[in-house]
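**Q** Have a look at this one before I ask anything.
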Amino acid sequence: MGLQPLEFSDCYLDSPWFRERVRAHEAELEKTNKFIKELLKDGKNLIAATKNLSAAQRKFAHSLRDFKFEFIGDAETDDERYIDASLHEFSNFLKNLEEQREILALSVTETLIKPLERFRKEQLGAVKEEKKKFDKETEKNYSLLEKHLNLSAKKKELQLQEADNLVEQNRKHFYELSLEYVCKLQEIQERKKFECVEPVLSFFQGLFTFYHQGYELAKDFNHYKMALQINIQNTRNRFEGTRSEVEELMNKIRRNPQEHKRANHFTMEGYLYVQEKRPAPFGSSWVKHYCMYRKETKKFTMIPFEHRSGGKVGDEELFVLTYCTKRNIDTIDRRFCFDLEASDRPGVPVTMQAFSEEDRKLWMEALDGKEAVTTFFFCLVGAQLDKIGFTVIKKCISAVETRGINDQGLYRVVGVSSKVQRLLSLLMDAKTCNEVDLENSVDWEIKTITSAMKQYLRSLPEPLMTYELHGEFIVPAKSGSPESRVNAVHFLVHKLPEKNKEMLEILVKHLANVSKHAKRNLMTVANLGVVFGPTLMRPQEETVAAIMDLKFQNIVVEILIENHEKIFKTLPDATFPEPISMPVSPPNAPPRQSRRQGQRIKRPLAVYNLCLELDDADSHSSPREDTPTGSTDSLSSQSPTPAFSSSPPGLLDGNHLIMDSGDLAGWTTNL
């Protein structure tokens, strides 16, 4: 049961039960007062915490805005540019969110704190003052009454009448004050229900408004978030392919460093220790220098450099070489030494020490010393763009389009090496080529046919899009508008040798057909670009810098597939300018609004959640069960975790699988 009402008539009786009811009302108001006081304290703490959170969020946003990713090479892909600009977009999102939070903090003060403080001060405070008066009058009334009752009856009648009038007058004043106090108590009990709750409701309205604004910001940001997830997924997929190429190059260089030296304008370069002679008592010292020599000009440059002192670089010294002679150990107490003489210091040889005997031989050969080193070159002889080559490609394409166009992971799933090599040997032999029936025979799996086709293209003496035009094809992929890129690739394709262009047209037309069945085979244009980028294009010199351009090779292949009708069926503009180089500083990503209006060209999401089936007769491992493939939507909302076995890529239980960068990048699901 709630509080009992205070009857005005009870004010005249002033019974003990009336006083109990008054005390119950007073206790409830004191409880309300404490509640409001605690609520005000919590509200102020909430405002302080909100301001601290806002400051931390703004600091976080500033950190995001001020950071910028650096990239390897001279250009970024569109996906990388948007990823680079994403931190600024995140910063703007947080900034807009914090502006709404500041509005919320201000509204809390105006709608919650001030009204409650005003109610506590003006209403509850007024009741407290009334209580003080009521208690004071109660004390005065009953003290006066007791004093009056103690008057002697022997007093004069006039004195007794005056005393009676005074008591009566005081009693009336007490009753009036009691009535007002009771009225005030009940008024506050009713008023507090809306005076307290209304500010809380206003606070929650502001809170709901803040969350709604956050929802609207998130809703507006959603299209950018989805596009960014596709950018991240495409970049991740290109990274997987690039990483496999880098690791392969690293292993090649590890096996034979000299065979994979970078081509540059220096005939020889590397570290040598140079003898620096001192006055007689101090002997000589050996200082490490980085030395570079150009045989055409006979200019020898050396720069002091010590790794252990923080990489401090000394002053460069340049001289023209006159001759180089070997130092034998009977003339100097050090190994691997040789002398150089500069044209401006005749008769004053400079003694240098190489790191090994092999290193000294290489230096002496480059410097035209007495000992020469024979350099061996390795050449791989492969397939040719001849009649047999065209027959091989056409037979493979015909078989794929006849019975394998809808196979999941087409060109991704690789065949077993033994079968692939056997098929290639039959196809490339003029005597047996026509006897191989790929369209109707079940002896040859689709994955074996596609792997043989890729292996043939990789075995050409030079890539299908040639070493000469490799750099020119890469340039438009790094910059310019989508239309200018297509025009540049269109122009360059018609600069290819006729046989190369004819073979490329056959292949790209087929890949365009494959991409049309992407809903079944999961091979989107982006996927095909990852697979055939390294197959159709590769630089003449294998370097890390060249491997960093793999992602741009993929883009060139995507352009070819998406625009094959225009590129191969029409002639390019005769006045089309030569491709220009990419600017060093990539442009900022367009604002979200412009992308929302469709100005941004969206690439399809690459899907790689595939299962590889290894069931060659030579394999002792049982076939693996198929796993469901992920949809495009699922991949755009979360990034897959790459799964690589601890064994070398392409090897499993002794079965050699044909594997390239595109194939390895596809292993992004648990096998």
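**Q** Are any residues in the stretch 180-214 closer than 17 Å to residue 22 by Cα and of a type in the set (Ser, Thr, Tyr), and if so, which ones?
**A** Passing the criteria: only 181.
**Q** Can you tell me how many residues within the stretch 36-67 are free of Cβ contacts under 8 Å to residues at least 12 places away in the same chain and within 16 Å of residue 193 (Cα to Cα)?
**A** Residues flagged as free of Cβ contacts under 8 Å to residues at least 12 places away in the same chain and within 16 Å of residue 193 (Cα to Cα) within the stretch 36-67 amount to 0.
**Q** A follow-up question, please. Any idea which of 239, 221 is among the aromatic types (Phe, Trp, Tyr) and closer than 29 Å to residue 545 by Cβ? First the steps, then the outcome.
**A** On the way: 221 fails: closer than 29 Å to residue 545 by Cβ.
239 is the lone residue from the list that is among the aromatic types (Phe, Trp, Tyr) and closer than 29 Å to residue 545 by Cβ.
**Q** Provide a single number: the residues in the stretch 14-30 that are open to solvent by 80 Å² or more (accessible area, probe 1.4 Å) and in contact with an Asp or Glu (Cβ under 9 Å, 6 or more places away or on another chain). Lay out the reasoning, then the answer.
**A** Of the residues in the stretch 14-30, the ones open to solvent by 80 Å² or more (accessible area, probe 1.4 Å) are 16-17, 20, 23.
Right, trim to in contact with an Asp or Glu (Cβ under 9 Å, 6 or more places away or on another chain) and you get 17.
Residues in the stretch 14-30 being open to solvent by 80 Å² or more (accessible area, probe 1.4 Å) and in contact with an Asp or Glu (Cβ under 9 Å, 6 or more places away or on another chain): 1 in total.
**Q** I would also like to ask the following. Here is a list: 45, 33, 52. Which entry is assigned by the TED database to the domain that holds residue 104, assigned to a helix (DSSP H, G or I), at negative phi and buried (at least 16 other Cβ atoms within 10 Å of the Cβ)?
**A** Details: 45 fails: buried (at least 16 other Cβ atoms within 10 Å of the Cβ); 52 fails: buried (at least 16 other Cβ atoms within 10 Å of the Cβ).
Matching residue, one of 45, 33, 52: 33.
**Q** Further question on the same structure: I'm checking my understanding of the structure. Among residues of the stretch 396-406 that are part of a loop (DSSP other than H, G, I, E, B) and of a type outside the set (A, V, I, L, M), which one is modelled with the highest pLDDT?
**A** Checking each candidate, the answer is 406.
**Q** Identify all residues within the stretch 555-586 that are buried (at least 22 other Cβ atoms within 10 Å of the Cβ), at pLDDT 90 or above and within 30 Å of residue 246 (Cβ to Cβ); write none if there are none.
**A** The answer is 555, 556, 557, 558, 559, 560, 561.
**Q** List the helices (runs of 4 or more DSSP H) inside the stretch 407-479, counting only whole elements, that have at least 1 residues being under 19 Å from residue 551 (Cα atoms).
**A** Correct list: 446-458, 470-478.
**Q** From the list 468, 472, 483, 505, which one is surrounded by fewer than 20 Cβ atoms within 10 Å (Cβ to Cβ), in contact with a helix residue (DSSP H, G or I) (Cβ under 8 Å, 6 or more places away or on another chain) and over 17 Å from residue 532 (Cβ atoms)?
**A** 472
**Q** Answer yes or no as to whether residue 109 is of a type in the set (Ser, Thr, Tyr) and either out of contact with any helix residue (DSSP H, G or I) (no Cβ under 6 Å at 6 or more places or on another chain) or closer than 30 Å to residue 170 by Cα (or both).
**A** It is true that residue 109 is of a type in the set (Ser, Thr, Tyr) and either out of contact with any helix residue (DSSP H, G or I) (no Cβ under 6 Å at 6 or more places or on another chain) or closer than 30 Å to residue 170 by Cα (or both).
**Q** Here is a follow-up. Restricting attention to the stretch 66-82, and to residues there that are part of a helix (DSSP H, G or I) and out of contact with any Leu (no Cβ under 7 Å at 6 or more places or on another chain), which single residue is surrounded by the fewest Cβ atoms within 10 Å (Cβ to Cβ)?
**A** 66
**Q** Report yes if residue 447 is in the same structural domain as residue 411 (by the TED database), out of contact with any Pro (no Cβ under 6 Å at 6 or more places or on another chain), touching a residue at least 12 places away in the same chain (Cβ under 8 Å) and under 19 Å from residue 415 (Cα atoms), otherwise no.
**A** Criteria met by residue 447.
**Q** Evaluate the stretch 141-148: report whether one residue or more is among the aromatic types (Phe, Trp, Tyr), part of a helix (DSSP H, G or I) and buried (at least 16 other Cβ atoms within 10 Å of the Cβ).
**A** Looking for residues that are among the aromatic types (Phe, Trp, Tyr), part of a helix (DSSP H, G or I) and buried (at least 16 other Cβ atoms within 10 Å of the Cβ), one finds none in the stretch 141-148, hence no.
**Q** Taking the criterion of being over 18 Å from residue 8 (Cβ atoms) and out of contact with any Gly (no Cβ under 7 Å at 6 or more places or on another chain), would at least one residue in the stretch 170-181 satisfy it?
**A** Yes: the stretch 170-181 contains one or more residues that are over 18 Å from residue 8 (Cβ atoms) and out of contact with any Gly (no Cβ under 7 Å at 6 or more places or on another chain).
**Q** Follow-up. Quickly run through the stretch 215-244 and pick out the residues that are of a type in the set (Ser, Thr, Tyr) and more than 15 Å from residue 92 (Cα to Cα).
**A** Those that are of a type in the set (Ser, Thr, Tyr) and more than 15 Å from residue 92 (Cα to Cα): 215, 235, 242, 244.
**Q** So residue 88 ticks every box in (1) open to solvent by less than 40 Å² (accessible area, probe 1.4 Å); (2) touching a Leu at 6+ places or on another chain (Cβ under 9 Å); (3) closer than 30 Å to residue 485 by Cβ but one. Which box is left unticked?
**A** The number of the failed condition is (1).
**Q** Are any residues in the stretch 310-322 open to solvent by less than 70 Å² (accessible area, probe 1.4 Å) and modelled with pLDDT under 75, and if so, which ones? Show your work before the answer.
**A** Looking only at the stretch 310-322, we keep the residues that are open to solvent by less than 70 Å² (accessible area, probe 1.4 Å), and these are 311, 314, 317, 319-321.
If the condition is that a residue be open to solvent by less than 70 Å² (accessible area, probe 1.4 Å) and modelled with pLDDT under 75, then 311 is the only one that fits.
**Q** Scan the stretch 494-523 and report the pairs whose first residue is within 15 Å of residue 558 (Cβ to Cβ) and whose second residue is among the aromatic types (Phe, Trp, Tyr) and open to solvent by less than 20 Å² (accessible area, probe 1.4 Å), with Cβ atoms within less than 7 Å and a gap of 6+ or a chain change.
**A** 511/532; 523/411
**Q** I'd like the residue in the stretch 383-401 that is of a type outside the set (Gly, Ala, Ser) and closer than 16 Å to residue 511 by Cβ and, out of all such residues, is most open to solvent (accessible area, probe 1.4 Å).
**A** 394
To keep it simple, each residue is scored yes or no on (1) closer than 30 Å to residue 97 by Cβ; (2) among the charged types (D, E, K, R); (3) in contact with a strand residue (DSSP E or B) (Cβ under 6 Å, 6 or more places away or on another chain).
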residue: 197; (1), (2), (3): yes, no, no
residue: 210; (1), (2), (3): yes, no, no
residue: 216; (1), (2), (3): yes, yes, no
residue: 242; (1), (2), (3): no, no, no
residue: 247; (1), (2), (3): no, yes, no
residue: 250; (1), (2), (3): no, no, no
residue: 264; (1), (2), (3): no, no, no
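**Q** Now, a different point. List every residue pair whose Cβ atoms sit under 8 Å apart, with the two residues 6 or more apart in sequence or on different chains, where the first one lies in the stretch 197-219 and is acidic (Asp, Glu) and the second, anywhere, is part of a helix (DSSP H, G or I).
**A** 198/115
**Q** Mind checking which residues of the stretch 323-369 are surrounded by 13 or more Cβ atoms within 10 Å (Cβ to Cβ) and of a type in the set (A, V, I, L, M)?
**A** The answer is 332, 340, 342, 350, 352, 354, 362, 364, 366, 367.
The values are calculated or read from the model by the stated rules, or taken from the named source; none is laboratory data. All values derive from a computational prediction rather than experimental measurement. As a convention, Cβ positions derive from the backbone with ideal geometry for all residues, glycine included, and neighbour counts pool all protein chains shown. We work out accessible area using only protein heavy atoms, side chains counted, and drop any ligands, DNA or RNA first. Shrake-Rupley method; radii C 1.70, N 1.55, O 1.52, S 1.80 Å.
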